[in-house]
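In what follows, a single structure is set out as structure tokens and then discussed.
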Amino acid sequence: MEQYKSVCPYDCPDCCGLLVTVDKGKTIEVAGDPSHAFTRGTLCPKMAHYERTVHSSRRLLTPLKRVGEKGKGDFVPISWQEAIDEIAAHWREIIGSYGAEAILPYSYAGTMGTIQYSAGHALFYALGASSLDRTICAPAKAHGYRSLMGGTLPTAPQEAQQSDYIILWSISMLATDIHFKHDVDIARKRGARIVCVDTYATKTAQYADEFICVKPGSDGALALGMLHVLARENLVDEEFIARYVQGWQELKVEVLPAYPPEKAAELTGLSAGQIEDFARSFAAARAPFIRLGSGQSRYGNGAMTSRLITCLPAVVGAYAKAGGGMLTSSSGSHAFDKDIIRRPDMEKNGIRHINMIKLGDVLTDNTLQPPVKSLFVYSSNPACTAPDQNKVLAGLRREDLFTVVHERFMTDTALYADIVLPATTSLEHEDIYYSYGQYVVQRGKQIIPPVGESRSNWQVAQLLAEAMGVDDEFFRQSETELVEKFIASTDKAWPLPVDKEKLAEGEPVELPMPEAYKLNFKTPSGKIEIFNPALERQLPDYLPPHLAEDKEEFILINSPDPRILDSSFNEREELTKGNIMVLMMNPADGQRQHLQDGDAVMAENTQGRAEFTVRLSERVQVGTVVSEGVWWREHTAAGNTNLLTHQRTTDKAEGSTFYDVRVNLRKKVQ
Ligand SMILES: Nc1nc2c(c(=O)[nH]1)N[C@H]1C(S)=C(S)[C@@H](COP(=O)(O)OP(=O)(O)OC[C@H]3O[C@@H](n4cnc5c(=O)[nH]c(N)nc54)[C@H](O)[C@@H]3O)O[C@H]1N2
Ligand SMILES: Nc1nc2c(c(=O)[nH]1)N[C@H]1C(S)=C(S)[C@@H](COP(=O)(O)OP(=O)(O)OC[C@H]3O[C@@H](n4cnc5c(=O)[nH]c(N)nc54)[C@H](O)[C@@H]3O)O[C@H]1N2
Ligand code: SF4
Ligand SMILES: [Mo]
């Protein structure tokens, strides 16, 4: 038996350090690595039994070819040679008739590993395929932060230990960022007050000292109301503003007068008094720390909302105080030169870009020139996770669409494939990882042989490059060589020396933070830009979400479930039992709708309908309903919440708007 260090590859801000015990090529046990500076030896229940995913009886073991109807799951095993030959033959034919832009790669963060995440980029650039804009997660949040802060490093999570006032703002911490609780607990022991801003009483809200429950999509108004109070009562840090902030005066004069707390109260559903108290406590704190999650950004106004929230730490001078600041997404990615694998230089000029959240439209639009004739999916499960599921499935059903899915499991998407290719897990390939929630980087070595005939994303890109006649030295590099290049790239990419030896050995390495990084504002003016001259709206202001225009009765909040991660872990029997597709609603709404606990209910809107089981709960505000998790179809009656979501985008950055949804409810007649 041997023990190796590794990294959790999933799309989770924690990016945990792992200790993996292997016996004769099989993973026996997975535990947390106590030497990891942020995750400190603990794991979530999903990864505490990663061996059940790695050695699941549901793993795909060979390439498969479809023999039945799309979506039905009738496949026969074929060899890798046959699979690659068949893909290459189809692609040649498509390129000949329609041009290479008729091929669309579709991938996301099934693995966050720097190599495997972007393994297909260069191949599809070289072919001249359509390029995918990867917008499904939270680009609007990033846009809002950047509008003020540019490339400034977001505050490290461990700083929060020294804060006296922590706001968990639209983050489901106890589901999605569980290790941050360690830092928050330390602060709390030292007397810090913990406030949670959310739309229903999540476990995180229950854990906090105070819960501020806003109407979905209204946080921008809350921030404006708070800023109004801070200005009116002169609770800002004038000295800090004079030195480091641009545009406070303009905001105060041109925007804030329209948002007295009474107005913000109307928009957010809070009382004016609550908004005043929140603003005053925030300003009175010695070192306030905001941990901003993505929930608030998944609305039509998401970029603006994030921009408005980002004004708050700026005007009270939080960045100048030990323990103060704001963490949106950490920039550990800056430690590596990602172009080593992404190769933007290989993208052909003027190539068509397709926004991934428009997949439904793109696959069903018969006026599109050229039409998408082949879809190559890896590290993602759009039939389950993309919005407007009815449209996505209609597209995937097209007989003239040649779909290839590279996967570890027979997902809802793989069921529609013409060719399925088996994928490795993170223990079966090489990679190097950074986190979007903290500043530790780590290499993950291959520690077991591939299960079945599975191959990594990079190996598949290499095979396809060769089959398509893309003759470039780049594709002949091994994963190990690429990892070595990434390690070497820290010299140029990160401002301080990174321990490259430790990194090469596979140890978790904490990135050294530059001194006073919180005050090194990487914007054109060198200041925090509340007034941003480069933007069309130079000052932030309130925008309504899309749902303000929708007619259905309830707002549907669909948020993360602690048992799974997006649609990953749906393969695990013990994690997918019971309480699935539950719709929580306030008892008063239940009474009005004549719905009781356990009733089957249909939620419907212009997009489609989905079936849920009612659970009455005071945790939910009147007028909203809540469902947690993105479940595989086999665990649902006939599909998940994405039957109800829209392809509408955010105000900036073309992001997803998964939470900007209204539905009507109807008791299901048995
Ligand atoms: N267990 C688990 N962990 C996960 C995931 C998972 O599915 N399960 N998903 C992973 C991924 S891909 C991501 S991007 C992250 C996301 O993790 P988070 O940053 O936590 O973001 P969200 O998942 O969008 O939702 C966070 C919270 O926002 C709340 N919310 C919704 N609308 C609003 C609003 O208008 N205002 C406010 N204040 N709150 C609102 C939701 O109720 C939810 O509690 O988590 C990752 N980790
Ligand atoms: N209704 C609703 N929908 C949502 C969300 C929501 O909150 N509500 N959240 C949204 C968010 S934030 C995100 S980020 C997206 C994520 O959506 P997706 O990108 O679809 O992510 P997952 O569902 O985790 O699916 C990842 C797939 O990659 C596979 N995989 C893992 N490792 C590898 C590998 O090395 N190679 C290959 N080829 N495959 C691999 C896994 O088996 C898994 O099936 O979902 C979005 N969809
Ligand atoms: S899913 Fe998140 S919390 Fe769980 S082990 Fe992975 S990184 Fe850690
Ligand atoms: Mo995400």
**Report entry** Out of 553, 571, sole residue that is at pLDDT 95 or above and surrounded by fewer than 17 Cβ atoms within 10 Å (Cβ to Cβ)
**Finding:** 553
Report summary line: Out of (1) more than 30 Å from residue 153 (Cα to Cα); (2) among the β-branched types (Val, Ile, Thr); (3) within 29 Å of the chain's Cα centre (by Cα), the one residue 487 does not meet is (1)
Query - Single residue of the stretch 14-43 satisfying the filter (closer than 20 Å to residue 563 by Cβ and either in a strand (DSSP E or B) or out of contact with any strand residue (DSSP E or B) (no Cβ under 9 Å at 6 or more places or on another chain) (or both)) that is nearest to ligand 4 (Cβ to nearest atom) - result: 14
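Inspect all residues belonging to the stretch 231-239 and state whether any of them is over 25 Å from residue 584 (Cα atoms) and open to solvent by less than 30 Å² (accessible area, probe 1.4 Å).
Yes, the conditions are met somewhere in the stretch 231-239.
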Query raised in the report: In the stretch 631-648, how many residues are open to solvent by 30 Å² or more (accessible area, probe 1.4 Å) and farther than 28 Å from residue 591 by Cβ?
Result: 4
**Report entry** Spans of helices (runs of 4 or more DSSP H) in the stretch 259-364 with at least 2 residues modelled with pLDDT of 95 or more, under 21 Å from residue 227 (Cβ atoms) and open to solvent by less than 40 Å² (accessible area, probe 1.4 Å)
**Finding:** 261-268, 272-284, 302-315
Query - Options 461, 516; residue that is within 30 Å of residue 37 (Cα to Cα) and among the hydrophobic types (A, V, I, L, M, F, W, C) - result: 516
Query raised in the report: Taking the stretch 27-40 only, how many residues are more than 16 Å from ligand 2 (Cβ to nearest atom) and touching a residue at least 40 places away in the same chain (Cβ under 8 Å)?
Result: 7
Requested in this report: Take the stretch 536-569 and flag every residue that is among the polar types (S, T, N, Q) and more than 16 Å from ligand 4 (Cβ to nearest atom).
Outcome: 538
Query raised in the report: Do any residues in the stretch 41-63 that are surrounded by fewer than 17 Cβ atoms within 10 Å (Cβ to Cβ) have Cβ atoms under 8 Å from those of residues that are in a loop (DSSP other than H, G, I, E, B) and of a type in the set (Phe, Trp, Tyr), where the two are at least six apart or on different chains, and which pairs are they?
Result: 56/409; 58/409
Requested in this report: With the checklist (1) in contact with a helix residue (DSSP H, G or I) (Cβ under 6 Å, 6 or more places away or on another chain); (2) open to solvent by less than 10 Å² (accessible area, probe 1.4 Å) in hand, flag the one item residue 608 doesn't pass.
Outcome: (2)
Query raised in the report: Of the residues that make up the stretch 628-646, is at least one within 23 Å of the chain's Cα centre (by Cα), within 13 Å of ligand 2 (Cβ to nearest atom) and assigned to a strand (DSSP E or B)?
Result: yes
Query raised in the report: Among all residue pairs at least 6 apart or on different chains, which show Cβ distances below 7 Å where the first residue, located in the stretch 206-218, is closer than 19 Å to residue 181 by Cβ and the second is small (Gly, Ala, Ser) and open to solvent by 10 Å² or more (accessible area, probe 1.4 Å)?
Result: 211/201
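Within 14 Å of ligand 3 (Cβ to nearest atom) and open to solvent by less than 10 Å² (accessible area, probe 1.4 Å): does that describe residue 11?
no
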Query raised in the report: Given (1) open to solvent by 10 Å² or more (accessible area, probe 1.4 Å); (2) aromatic (Phe, Trp, Tyr); (3) within 23 Å of residue 59 (Cα to Cα), where does residue 474 come up short, assuming only one miss?
Result: (3)
Query - Elements of type strands (runs of 3 or more DSSP E) contained in the stretch 90-174, each with 1 or more residues being closer than 30 Å to residue 207 by Cα - result: 165-169
**Report entry** Flag if residue 87 is of a type in the set (A, V, I, L, M, F, W, C), away from ligand 4 (no atom under 16 Å from the Cβ) and in contact with a strand residue (DSSP E or B) (Cβ under 7 Å, 6 or more places away or on another chain)
**Finding:** yes
Query raised in the report: Given (1) in contact with a helix residue (DSSP H, G or I) (Cβ under 9 Å, 6 or more places away or on another chain); (2) within 18 Å of residue 318 (Cβ to Cβ); (3) touching a residue at least 40 places away in the same chain (Cβ under 8 Å), where does residue 150 come up short, assuming only one miss?
Result: (1)
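The values are calculated or read from the model by the stated rules, or taken from the named source; none is laboratory data. Remember, predicted model here, so these are calculated numbers, not experimental data. A quick note on method: Cβ atoms are made from the backbone with ideal geometry, for glycine too, and the neighbour counts reach across all protein chains shown. Surface areas here come from the heavy atoms of the whole protein model, side chains and all, with no ligands, DNA or RNA. Shrake-Rupley method; radii C 1.70, N 1.55, O 1.52, S 1.80 Å.
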